[in-house]
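A short write-up of the structure that comes next.
The values are calculated or read from the model by the stated rules, or taken from the named source; none is laboratory data. Please read these numbers as outputs of a predicted model, since none were measured by experiment. Cβ: placed from backbone, ideal geometry, glycine included. Neighbour counts: every protein chain shown. When the accessible area is computed, the model is the full protein with side chains, heavy atoms only, and any ligands, DNA or RNA have been set aside. Shrake-Rupley method; radii C 1.70, N 1.55, O 1.52, S 1.80 Å.
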Amino acid sequence: MIVGLLHPGEMGSAIGAALQAVGHEVVWASAGRSEATRGRAAAFRDAGSVEAMAREAQVVLSISPPHAALDVARSVPGDVLYVDANAISPARALQIAGLKPQFVDGGIVGGPPRAAGETRLYLSGGRAEEVAELFADSIVETRIVPDASAVKMTYAAWSKGTAAMLIAIRDVARHYGVEEDLAAEWRDSVPSLPDRLAAAERSAAKKGWRWVGEMEEIAETFAAAGRPEGFHRAAAEVFRVPS
């Protein structure tokens, strides 16, 4: 099957490679993309434009920063089967479904797939089974659920929300001159926390810019469920301001 990929960032290029490895052809659109993206997409066929890619592809897979998900969907013409695998709220997924009659909601948990068991793609929608079949025998595990975006949002609410909390706690302790004292107490009472903080710092330095939008999507998800959204509005601010 011909799979259109928007866009081959770190995650997207790894997902594309997983699809190639089980015999699918992956095409992308180089128009307006950076040299770094072109390098990551070197193994895929370049259709040139999004319009040309959409004409060729039997399914289009969108993997982009969450703040861009709606605009990416709008850029794809026609009624091709469209899989949004971005970190977006269920409400945002419904907006995109309104634009794309052949829509499957997706949510990725885990890092870019390098080996089996590292990455899960949650799927929901009327054609979710067809999309899952694309990944049969690949290193990406698929799970069909009632609401893929809700799974992604609630999972990341913990995994990335607590990373933001640790970074903010470090900053407050540093402000009051007790950062080393806090670290010592953590080593005694919660030995896993120093390593978790170090991991949070590394991840935020590398990807925090794209987690801002994800935290905002999570906040909207909480608000729609009648729960406090302030946790993740604050997390967005932590990732927005480097420290």
Positions within the range 38-48 being over 18 Å from TYR82 (Cα atoms), in a loop (DSSP other than H, G, I, E, B) and among the small types (Gly, Ala, Ser), in sequence order: ALA41, ALA42, ALA43, GLY48
Filtered residues of the range 210-235 (kept if in a helix (DSSP H, G or I), free of Cβ contacts under 8 Å to residues at least 40 places away in the same chain and either of a type in the set (A, V, I, L, M, F, W, C) or surrounded by fewer than 15 Cβ atoms within 10 Å (Cβ to Cβ) (or both)): ALA219, ALA223, GLY230
Set LEU19, LEU5, LEU94: member being open to solvent by less than 10 Å² (accessible area, probe 1.4 Å) and part of a helix (DSSP H, G or I): LEU19
ARG74 vs. criteria touching a Leu at 6+ places or on another chain (Cβ under 9 Å), over 19 Å from SER124 (Cβ atoms) and in a helix (DSSP H, G or I): yes
Qualifying positions in the range 22-37 - β-branched (Val, Ile, Thr) and either in a loop (DSSP other than H, G, I, E, B) or without any contact (Cβ under 8 Å) to a residue 12 or more places away in the chain (or both): VAL22
